[in-house]
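The values are calculated or read from the model by the stated rules, or taken from the named source; none is laboratory data. Worth saying up front: this structure is predicted, and the values here are computed from it rather than measured. All Cβ positions, glycine included, derive from the backbone under ideal geometry; neighbour counts span all protein chains shown. Keep in mind that these areas ignore ligands, DNA and RNA; they rest on the heavy atoms of the full protein, side chains included. Shrake-Rupley method; radii C 1.70, N 1.55, O 1.52, S 1.80 Å.
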Amino acid sequence: MKLRLPPQLLPFLRLGLTGIAGTVAILTLLPKPHLLDETSFSSCYVDRDGKLLRLSLAADDRYRVYVPLEKISPQLIEMTLLHEDRFFHEHLGVNAVSLARAAWSALAGSGPRIGASTITMQLVRLHYHLNTRTPWGKFCQILAAMQMEWHCSKHEILEAYLNTAPYGRNIEGVGAASLIYFGKEPADLSPVEAMTLTVIPQSPARRAPGRPAHDAALCLAREVLLRQWLVDHPEDARLRGVLAMPLQMMLPKDLPFRTPHLVDEMMRRETSPRAEIRLTIEAQYQDILEREIAQYVAAREQTGLKNACALLIDYRTMEIKAAVGSANYHRRDIDGQVDGLHMQRSPGSALKPFVYALALDQGLIHPNSLLRDAPVSFNGYDPENFDHEFAGPIRARDALIQSRNIAAVDLESRLAPGHDLYALLHEAGVRHLQPEARYGLSIALGSAEISPEEIGTLYAMLANRGQWKPLRFEVGEADQPGTSLLSPEASWLTLDMLKDAVPPGMANLSPLTRDAQPVAWKTGTSFSYRDAWSAGVFDHDVLVVWVGNFDGSADAQFVGRTAAAPLFFSIVDALRAREAPPATTCFTLTSDLNLKQVGLCAVSGALAGPNCPHVVPGWFIPGKSPIASCDIHRRVWIDNRTGLRLAGFPDDARPAHSAVYEFWPSDMAKLFREAGLPRAEPPPLAEGRSIMETAAHARGPRIMSPKANRIYHVRLNVANDEVLNLEAATDGAHEAVHWFVDSAYLGEAPASTPLFWKPVAGRHTIRAVDELGRADSRTVTVTAVE
């Protein structure tokens, strides 16, 4: 039997089919909506353990955190569908029955207004910002909802809705709402918390928590939803008692605001927001640094010390474990929002360890080498020590620990061109370096400005056996290959020297106790007392501390050892109080290091000979360090009757005894005298000694100035007033030295006493000759400049 339609219905059928076909065609031609592609989101900055540090605002100043549907509580999803659109999975964007009921209610004009918007329609309104209170707006909403259902899956629609639904104030999306109101991820919401969030989007203006009236409306809506929920989930009847308890919700003002300077920096770096940015910060260490700085500044604020910053780095991974950019982020009087860890400041002596490391690498010194700490001029640059005193001859280790300026400048002057401190800073990525000529030798004393972050990477380089690596800010950030700027041996020796520095207030502590928990540290004081620094390596960490004023104002108390070092060690002690120091650190001597320990003369620093009375252990780099046998201590024969020194062995006619004396070059003997530490001189030789006998017991002259293969510039307008010092050292303090420039004789001067020469442009050979004809020479170039 065939079904026959009445002829009068055929036009309506054709019209219906045509409408359906037209609708399908229109929906097919309309483009697929970009549900979340153009929506801006907040970023969650969390620490290593996932604890929220800060929730940033999206581009439109709203809190909106993207969360995949799979990471949202299933109960919240089910409650949302129950509360907003129970037929979500059956309709095609529009619930015709609900629309008809709502239209009839509106036309009848009786009873409360009935909502008919599906989740898809609500998403359309949010996405296109439609005014759906007008017939035209409602029509556009219906059409767009059908378009969205045609092109998008239910999964995509529901995910977009839950990420953009309003939750009161400037909070949108369940991700932001769960973080702000309950401090947890959407997947971790309890049933009551899920129920609370579910009812807010239906009336966010009246149900956003924080006001008594709003809280009451929110509680009432939860009770209505609970009754609906219990129909399908009677096992959750216990929730009635939980809902009766006072509402406990946080507000946006309660959001954490931790590690503000570092988060500010990361926000500036972000080109596109990410849902979660996990920083390497560890809360326990961050708390310690913040507490120690706050207490330290509070105790000294009456003296004018108001600001400080500190940085803690794990040198093994180069991850930042803690960062404090100022003493108080919220204090305007100290410019607290400025991040001191990025400020370029004069580091003072904090860069000296790298001058010594380079000198070790280039074979200029070993830790026990004797350096000269005495007044000296470097082409018109006359450095002075911090205490305006001179120590005379001093071991390299002690010169570094005591921060002797002249010794550091002298070493810098002897470094190979292109392989000096400036070159190292440039290769280490120090920003804002001026042309090298602007600094000259003063760079060894901190004339090049550098940030605490950059200082931290340099000290980490020492701990990493000379490998420089950039800092890492995020967990999982790719480990970049290092750049070898120093040898492992020079790096280890530098740290070994620095760890002998005695911390403030610990002068009476046994060296054995200090060595059990070594800290290799150095202080720095900038010019005019604007910055006080303390930086160092301990355990597996690098710590940098800066004290000063961000406006650059000077204060005489800003001295590294007294202003920054106490804070440095209070932080070290607080960190070590949490856990025992590791067994293996960068101070551990490993078999791959090309180092050798030998007995050294305690006085000269050279290899101990049979006549050296005191021998100390010392390290050197085989094949690189300038190591030679000590010739300062010599055994000689003394005539018993005259007390004079014999040139050779005694005979039976001249009774004599042997004794050991120090034979210092004239320049070193002069330094000892000027430092108030004169050394006992050996007796003079007996009369009648021959020239050959004298030559056999002494070395020839050594030119100390000018330096070899250097270029000296003479200004034309003052050429008659500019002179070059010619100075040579001999084994005898009273010997005369004769000077020649090219083939011309200039004159004579006592050993270690300068003779002044007025240079002329050109290349010259300078020779120093003693009375025995022994000579030393230097080749220098003199240029004329305007």
Ellipticity estimate at 222 nm from DSSP helix runs (n ≥ 4, -39,500 (n - 2.57)) divided over the chain, nearest 500: -9500 deg cm²/dmol
Relative contact order %, the chain, counting alpha carbon pairs below 8 Å whose residues are six or more apart: 8
Highest to lowest packing among 700-707, 225-232, 130-137, 203-210, scored as the average C-beta count within 10 Å: 700-707, 203-210, 225-232, 130-137
Whether region 40-82 is rounded, prolate or oblate, judged on the alpha carbon gyration tensor where a/c under 1.5 counts as rounded: oblate
Probe 1.4 Å, protein heavy atoms only - accessible area per residue of the chain in square angstrom: 48
Electrostatic dipole magnitude of the chain [Cβ: Lys, Arg +1; Asp, Glu -1; Cα centre; debye, to 20]: 2520
Contour minus Cα-Cα distance for R673 and S777 (0.36 nm per residue): 34.7 nm
Using alpha-carbon coordinates, inclination of helix 135-151 to the longest axis of the chain, degrees: 70
Nonlocal amide H pairs with L600, under 5 Å, H built at 1.01 Å: A608, V616, G618
Square roots of 5 times each gyration tensor eigenvalue, C-alpha, region 294-370, largest first, Å: 34, 17, 11
Cβ-defined net charge surrounding R710, 13 Å radius [Lys, Arg +1; Asp, Glu -1]: +4
Region 566-678 pair-distance distribution - Cα-Cα, 10 Å bins, rounded %: 11, 22, 24, 21, 13, 6, 4, 0
Cysteines not pairable in the chain (beta carbon separation under 4.7 Å absent): C44, C140, C152, C219, C309, C586
Mean projected area (nm²) of the alpha-carbon convex hull when region 579-622 is viewed from all directions: 4.7
Check: region 416-462 dipole with +1 on Lys, Arg Cβ and -1 on Asp, Glu Cβ, in debye: 80
Of Q517, T781, L239, farthest towards positive along the dipole that unit charges on Lys, Arg, Asp, Glu beta carbons give the chain: L239
Dmax and Rg, reported as Rg then Dmax, of region 226-295 (C-alpha, Å): 21.0, 58
Stokes-Einstein translational diffusion, region 174-216 - Kirkwood Rh over all Cα pairs, 1.306 mPa s, 10 °C, in µm²/s: 149
Convex hull per residue volume in Å³, alpha carbons only, for the chain: 274
Stretchable slack from A577 to V785, in nm (0.36 nm times residue separation minus alpha-carbon distance): 68.8 nm
Peptides ranked, highest mean first, by Cβ atoms within 10 Å: ranges 486-497, 362-373, 768-779: 486-497, 362-373, 768-779
Cβ-based net charge around A165, under 14 Å, with every Lys or Arg adding one and every Asp or Glu removing one: +1
Region 162-291, relative contact order [Cα under 8 Å, separation at least 6], %: 20
Cβ-defined net charge surrounding H214, 10 Å radius [Lys, Arg +1; Asp, Glu -1]: +2
Sulfur and carbon atoms: percent of accessible area, region 416-553 [1.4 Å]: 52
For region 481-632, alpha-carbon Rg relative to the globular expectation (2.2 N^0.38 Å, N residues): 1.26
Ranked packing of 544-557, 327-340, most packed first, by mean Cβ within 10 Å: 544-557, 327-340
Viscosity 1.567 mPa s, 4 °C: Kirkwood-radius Stokes-Einstein D of region 386-514 over Cα pairs, µm²/s: 77
Cα-based helix-to-principal-axis angle, 565-576 vs the chain, degrees rounded to 10: 60
Spread of Cα-to-Cα distances over 5 Å intervals beginning at zero, given as percent, for region 146-265: 2, 10, 18, 20, 18, 14, 9, 5, 3, 1, 0
Placed amide H near E276: partners under 5 Å, 5+ positions off or other chain: C44
Degrees, to the nearest 10: 119-128 long Cα axis against longest axis of the chain: 60
